[in-house]
Amino acid sequence: SNQQMSMIENPDPEEQALAPKFISSSADLTCMEGDQVRLTCRVNGRPAPEIIWYKGGGQVIQDERHKVVVNEQGYHALLITSALLTDQGEIGCIARNRSGEASFTCKLTVHPKATKTPPSFVEKLQSCRIREGERMILRVKAVGHPIPNLAWQKDGYSLRQSDLLTINSDGLGNGWIELGQAGQATGGWYQCTAYNSAGSCATRARVIVDLQPEKPKEKTSLQLNLPYPSRIIEPEKEAEPEV
């Protein structure tokens with residue numbers, strides 16, 4: 001009879017059936033493509049509720065990437081070992097026993113993993129000829145992912161910032177060096193190397209400086225235009241001999 005069935009199912013009258021209730025549930029999660037994701041919850045209920053995870057409108061079936069973890073103390077988890085872009089969306093969980101059911105949903109956002117590309121120059125160094133005393137600017141533009149860093153050299157030696165030389169970059173792959181006044185030491189081979197975690201490349205150019213011919217020295221008497229002294233400086237008096 002029905003009475004017998006209820007006695008078999010619930011032999012202890014003190015152990016009243018309880019509808020499932022979530023004590024804790026997973027918040028919305030954001031991850032990168034390929035990351036491991038763990039959605040957790042804790043549920044109460046008597047008898048122990050059955051837990052079903054849903055994704056994309058269908059029940060999650062265990063496979064190499066999806067693991068359903070059950071714990072005796074009411075802790076449950078859905079483990080996605082390597083998130084794909086297709087895992088993005090709403091993930092639901094239903095806890096069910098004969099007294100009822102409870103559910104929660106959370107949102108999983110999966111960001112695509114950026115593919116790395118080695119640097120290349122879309123604007124290379126250009127060889128140039130300048131006159132002594134002229135201002136010089138050498139420019140480059142490098143592309144790649146991540147955005148490449150730039151390193152400058154002249155005749156095989158690293159260039160360093162100084163009063164005469166400024167080394168600039170905008171953090172977006174554009175770089176330039178600026179020299180206020182070209183001199184004899186300015187001429188030579190300049191190189192810029194672009195590098196990131198995917199590789200490196202370089203561009204080279206030669207700078208020639210035409211030196212100005214030295215002017216013949218004219219024999220002229222030099223005149224010093226000094227300001228007229230406002231007070232006359234007299235020589236110090238000699239100290240009187242001590243007695």
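The values are calculated or read from the model by the stated rules, or taken from the named source; none is laboratory data. Every value quoted in this text rests on a predicted model; they were computed, and no experiment measured them. FYI the Cβ positions are ideal-geometry reconstructions off the backbone, even for glycines, and counts take in every protein chain you see. Protein only, heavy atoms only, side chains kept; ligands, DNA and RNA dropped before computing areas. Shrake-Rupley method; radii C 1.70, N 1.55, O 1.52, S 1.80 Å.
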Next item on the list: Go over the candidates Leu79, Leu108, Leu138, Leu125 one by one and state the one that is open to solvent by less than 70 Å² (accessible area, probe 1.4 Å) and outside any strand (DSSP E or B).
Entry: Leu125
Margin query: For region 36-69, give me the residue count where each residue is part of a loop (DSSP other than H, G, I, E, B) and open to solvent by 60 Å² or more (accessible area, probe 1.4 Å).
Written below: 8
Notebook entry, point to check: In region 172-188, what residues are open to solvent by 40 Å² or more (accessible area, probe 1.4 Å), in a loop (DSSP other than H, G, I, E, B) and over 30 Å from Thr117 (Cα atoms)?
Noted result: Gly180, Gln181
Next item on the list: Provide a single number: the residues in region 24-35 that are exposed (fewer than 15 other Cβ atoms within 10 Å of the Cβ) and either more than 19 Å from Ile94 (Cβ to Cβ) or touching a helix residue (DSSP H, G or I) at 6+ places or on another chain (Cβ under 7 Å) (or both).
Entry: 3
Notebook entry, point to check: Listed residues Ile80, Ile52, Ile91, Ile61; which is among the aliphatic types (A, V, I, L, M) and in contact with a Leu (Cβ under 6 Å, 6 or more places away or on another chain)?
Noted result: Ile91
Notebook entry, point to check: So, in region 156-171, of the ones that are more than 13 Å from Tyr195 (Cβ to Cβ) and surrounded by 11 or more Cβ atoms within 10 Å (Cβ to Cβ), which residue ends up modelled with the lowest pLDDT?
Noted result: Leu164
Notebook entry, point to check: In this structure, is Ala182 touching a His at 6+ places or on another chain (Cβ under 8 Å) and either of a type in the set (Phe, Trp, Tyr) or at pLDDT below 95 (or both)?
Noted result: no
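To keep it simple, each residue is scored yes or no on (1) over 28 Å from Ala83 (Cα atoms); (2) not charged (D, E, K, R).
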site: Thr115; (1), (2): no, yes
site: Pro118; (1), (2): no, yes
site: Phe121; (1), (2): yes, yes
site: Lys124; (1), (2): yes, no
site: Arg131; (1), (2): yes, no
site: His145; (1), (2): no, yes
site: Lys154; (1), (2): yes, no
site: Arg160; (1), (2): yes, no
Next item on the list: Please work out which residue is farthest from the chain's Cα centre (by Cα), limiting yourself to region 189-217 and to residues that are open to solvent by 60 Å² or more (accessible area, probe 1.4 Å) and of a type in the set (Phe, Trp, Tyr).
Entry: Trp189
Checklist line | Matching residues, region 82-105, being part of a loop (DSSP other than H, G, I, E, B) and open to solvent by 60 Å² or more (accessible area, probe 1.4 Å) | finding: Leu84, Gln88, Arg98
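Table: residues versus (1) farther than 30 Å from Leu85 by Cα; (2) modelled with pLDDT of 90 or more.
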{"site": "Pro13", "(1), (2)": "yes, no"}
{"site": "Gln16", "(1), (2)": "yes, no"}
{"site": "Pro20", "(1), (2)": "yes, yes"}
{"site": "Ala27", "(1), (2)": "no, yes"}
{"site": "Arg42", "(1), (2)": "no, yes"}
{"site": "Pro49", "(1), (2)": "yes, yes"}
